[in-house]
1. Can you tell me the length gained on complete extension of the stretch residue 96 to residue 62, counting 0.36 nm per residue apart and subtracting the Cα distance?
2. Shape verdict for the chain, please, from the Cα gyration tensor: rounded (a/c under 1.5), prolate (a/b greater than b/c) or oblate.
3. Roughly what angle does helix 15-40 make with the longest principal axis of the chain, taking Cα atoms, 0 to 90 degrees, to the nearest 10?
4. Any idea what angle helix 44-81 forms with the longest principal axis of the chain, computed on alpha-carbon atoms, 0 to 90 degrees, nearest 10?
5. Using label points projected 7 Å from each Cα along Cα→Cβ, tell me how many nm separate residue 70 and residue 8, to one decimal.
6. Nearest 500 deg cm²/dmol is fine: what mean residue ellipticity at 222 nm does the chain get from its DSSP H runs of n ≥ 4 alone, each adding -39,500 (n - 2.57), divided by its residue count?
7. In terms of the Cα gyration tensor, with a ≥ b ≥ c the square roots of its eigenvalues, is segment 41-97 rounded because a/c is under 1.5, prolate because a/b exceeds b/c, or oblate?
8. Length gain on complete extension for the stretch residue 83 to residue 40, per 0.36 nm per residue less the alpha carbon to alpha carbon distance?
């Protein structure tokens, strides 16, 4: 037993994970092959480009509509919420005190 390991630890096999990774790699290869085969068929590339273009336009439209709705909703919310501030408070820089043990450059003395 290696001395760098704790005495109460055990080593588990990674066979299931390795098989899972091999399956994932094989699926990626199959998907790439299927896409390559589909793109060699007449008319498929044009259909894919059309679908992607329509999906892009729809996504952009949804995002623009969402921003417009948020902007419209924000105005009445801002008007209803109002501003919050303190009254009868005087802030003066002369009241600020240095921290003990520190100078103006935040270095220890």
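1. 7.2 nm
2. Because a/c hits 1.5 or more and a/b fails to exceed b/c, the chain counts as oblate.
3. It is inclined by approximately 70 degrees.
4. Taking Cα atoms only, the helix is inclined about 20 degrees.
5. Label-label distance for residue 70 and residue 8, simple model: 4.9 nm.
6. Details: 2 runs with 64 residues, N = 109.
Result for the chain, helices only: -21500 deg cm²/dmol.
7. Oblate is the answer for segment 41-97, as a/c is 1.5 or above yet b/c matches or exceeds a/b.
8. In short, 9.2 nm is gained.
Read-outs: derived from the displayed coordinates by stated rules, not from any lab. Keep in mind the model is a prediction, meaning the values are calculated, not measured. Cβ: placed from backbone, ideal geometry, glycine included. Neighbour counts: every protein chain shown.
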